[in-house]
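Colleague: After the structure tokens below, expect a handful of questions from me.
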Amino acid sequence: MFENDDAEITDRLAEIEKILKEVQSRIPDLEGLAVVTRDGLPIASALYTNTDEDRISAMTAASLSLSERVVVELERGIMEQVIITGSNGLVIIRDSGEHAVLVGIARVDAKLGLILLDMKRASKKLAVMI
């Protein structure tokens, strides 16, 4: 994943955080974004909620694992995104390359189309970086 010196890693993490903050600034309905490894380790986050980054990462990995299995078992191709709707909001998990996913936490009345579009664009940028 990150295979270079410390300065390059620091620069890359700063760029990842910049991408997250740009998405959040465009979509006020997003309460948080995080980039998480597929096995549940946090890479970067921009969270407005008081949810713990480690907790989000672990729950994302569990949800991702089950979702990928469902897609494979039902022969639906490759998993691209997961949308979980609760009575108080949404959780969106978007594939961001081989090593990571982008997780968004949104209000219940959020404009889902705008969120999905921006998360898709951000995920493409992140996939090249991670």
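Values quoted throughout were computed directly from the atomic coordinates according to the rules given, and no laboratory measurement underlies them. Everything numeric in this text was worked out from a predicted model, so none of it was measured. Reconstructed Cβ throughout: ideal geometry from the backbone, glycine too, with neighbour counts over all protein chains shown.
Colleague: Can you match Kirkwood radius over Cα pairs in Å to one of these, (1) 17.7; (2) 14.8; (3) 15.3, based on a calculation from the structure here?
Modeller: Checked against the structure: label (2).
Colleague: Now for a different question. Under 13 Å Cα to Cα from Lys124, which aspartates and glutamates show up? Leave out anything in the same chain fewer than 8 places away.
Modeller: Output for Lys124: Glu80, Asp95, Glu98.
Colleague: Something else now. I want to check the label-to-label distance for Lys21 and Asp109. Put each point 7 Å from Cα in the C-beta direction and report it in nm to one decimal.
Modeller: A separation of 2.9 nm, rounded to one decimal place.
Colleague: Amide H of Glu31 versus every other amide H placed in the peptide plane: which residues, excluding those fewer than 5 positions away on the same chain, fall under 5 Å?
Modeller: Ile105, Ala106, Arg107
Colleague: Placing +1 at every Lys and Arg Cβ and -1 at every Asp and Glu Cβ, with all other atoms neutral, what dipole size does the chain have around its Cα centre, in debye to the nearest 20?
Modeller: That gives the chain a dipole magnitude of about 580 debye.
Colleague: Using alpha-carbon pairs under 8 Å, 6+ residues apart, how would you state the relative contact order of the chain in percent?
Modeller: Relative CO of the chain lands at 25 percent.
Colleague: Continuing with this model, one more query. Can you work out the FRET efficiency for the pair Ala7 and Glu53, with r the C-beta to C-beta distance and R0 = 25 Å, to the nearest 0.05?
Modeller: Given R0 = 25 Å and the Cβ-Cβ separation, E is 0.60.
Colleague: Sort 108-118, 70-80, 55-65 by the packing proxy (mean of other Cβ within 10 Å over each peptide's residues), most packed first.
Modeller: Sorting 108-118, 70-80, 55-65 by mean packing, highest first, produces 55-65, 108-118, 70-80.
Colleague: Is any helix in the chain, taking whole DSSP H runs, at least 18 angstrom long along its axis by alpha carbon and on average at least 0.5 on the Kyte-Doolittle scale, and which ones?
Modeller: Sorted by number, the helices that extend far enough and score high enough are 112-129.
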